[in-house]
1. Among the numbered criteria (1) assigned to a loop (DSSP other than H, G, I, E, B); (2) out of contact with any helix residue (DSSP H, G or I) (no Cβ under 8 Å at 6 or more places or on another chain); (3) at pLDDT 95 or above; (4) over 22 Å from Ile178 (Cα atoms), which single criterion is violated by Tyr80?
2. State yes or no: is Ala21 in a helix (DSSP H, G or I), more than 30 Å from Lys177 (Cβ to Cβ) and aliphatic (A, V, I, L, M)?
3. Can you tell which of Asp134, Asp138 is in contact with a strand residue (DSSP E or B) (Cβ under 8 Å, 6 or more places away or on another chain) and farther than 30 Å from Glu57 by Cα?
4. Tell me, yes or no, whether the range 15-25 has at least one residue that is in contact with a strand residue (DSSP E or B) (Cβ under 9 Å, 6 or more places away or on another chain) and either at pLDDT 95 or above or farther than 18 Å from Tyr80 by Cβ (or both).
5. For the range 24-50, give me each residue that is of a type in the set (Ser, Thr, Tyr) and buried (at least 16 other Cβ atoms within 10 Å of the Cβ).
6. Listed residues Ile158, Ile183; which is surrounded by fewer than 20 Cβ atoms within 10 Å (Cβ to Cβ) and within 25 Å of Leu51 (Cα to Cα)?
7. Asp30 passes all but one of (1) modelled with pLDDT under 95; (2) farther than 15 Å from Leu98 by Cα; which number fails?
8. Does at least one position in the range 106-128 carry a residue that is among the charged types (D, E, K, R), under 17 Å from the mean Cα position of the chain (by Cα) and farther than 19 Å from Val6 by Cα?
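The values are calculated or read from the model by the stated rules, or taken from the named source; none is laboratory data. Model, not experiment: these values are computed from the prediction. Quick reminder, even Gly has a Cβ in these numbers, built from the backbone with ideal geometry, and neighbours come from all protein chains shown.
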Amino acid sequence: MKIYYVTDIDLFDEKFIDECASFFPEWRKDKMLRYKNLKGRVQNGLAYLLLIKALQEEGVFYEMPEFFYNEHGKPFLKNYPDWYFSLSHCKTAVCCVLSKKEVGVDIEEIATYKENLANYVCNENELAMLCDSDKKADDFYELWTKKEAVFKLLGTGITKEIKNILDIPYINIETQKIHNLIISVSYI
């Protein structure tokens, strides 16, 4: 399973949006242009392009991907029924994973460690690990991306189960640190 990502998204401008709008399907163009700020439009456009690139590299691309959504808003590929994908973005990057199995991905830029946020999302064991950590911010964002990736895999959105979501035994999670970014991928 390959992670496709783009960093330094601030380098993209309105010209990029115009180019995307010229060939995106109408539904995706409309979704991209609904964002009021440039960054949101860029993130949306890049995510879709990464999905197209992933389909091309797998040798299965034959038409622009179309989405349908579950009751919680998780997207699925309408016209590629044997493939699953997940998209994520943060302030400086966008990523995509394509798989033959259900998948979830999350990307975050490592920021300042916030103890109150950790107390909200982490269980006692995770808080103890963070307490002993010399790299609290790195370790917290690794936990956060793992949890978010699992929620995306399950397609439920973030629920009150956030503290113990990593205890599901049949879910696998892989994490990478790339520069100041943490990317976690979950799969069954």
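1. Only one criterion is unmet by Tyr80, namely (2).
2. Details: in a helix (DSSP H, G or I): yes; more than 30 Å from Lys177 (Cβ to Cβ): yes; aliphatic (A, V, I, L, M): yes.
Yes.
3. On the way: Asp134 fails: in contact with a strand residue (DSSP E or B) (Cβ under 8 Å, 6 or more places away or on another chain).
From the options Asp134, Asp138, the qualifying one is Asp138.
4. We begin by selecting, within the range 15-25, every residue in contact with a strand residue (DSSP E or B) (Cβ under 9 Å, 6 or more places away or on another chain); these are none.
Checked against the condition, which is being in contact with a strand residue (DSSP E or B) (Cβ under 9 Å, 6 or more places away or on another chain) and either at pLDDT 95 or above or farther than 18 Å from Tyr80 by Cβ (or both), the range 15-25 yields no hits at all.
5. Keep residues of the range 24-50 that are of a type in the set (Ser, Thr, Tyr), which gives 35, 48.
Scanning the range 24-50 gives a single hit, Tyr48.
6. Working: Ile183 fails: surrounded by fewer than 20 Cβ atoms within 10 Å (Cβ to Cβ).
Of the residues listed, the single one that is surrounded by fewer than 20 Cβ atoms within 10 Å (Cβ to Cβ) and within 25 Å of Leu51 (Cα to Cα) is Ile158.
7. (1)
8. no
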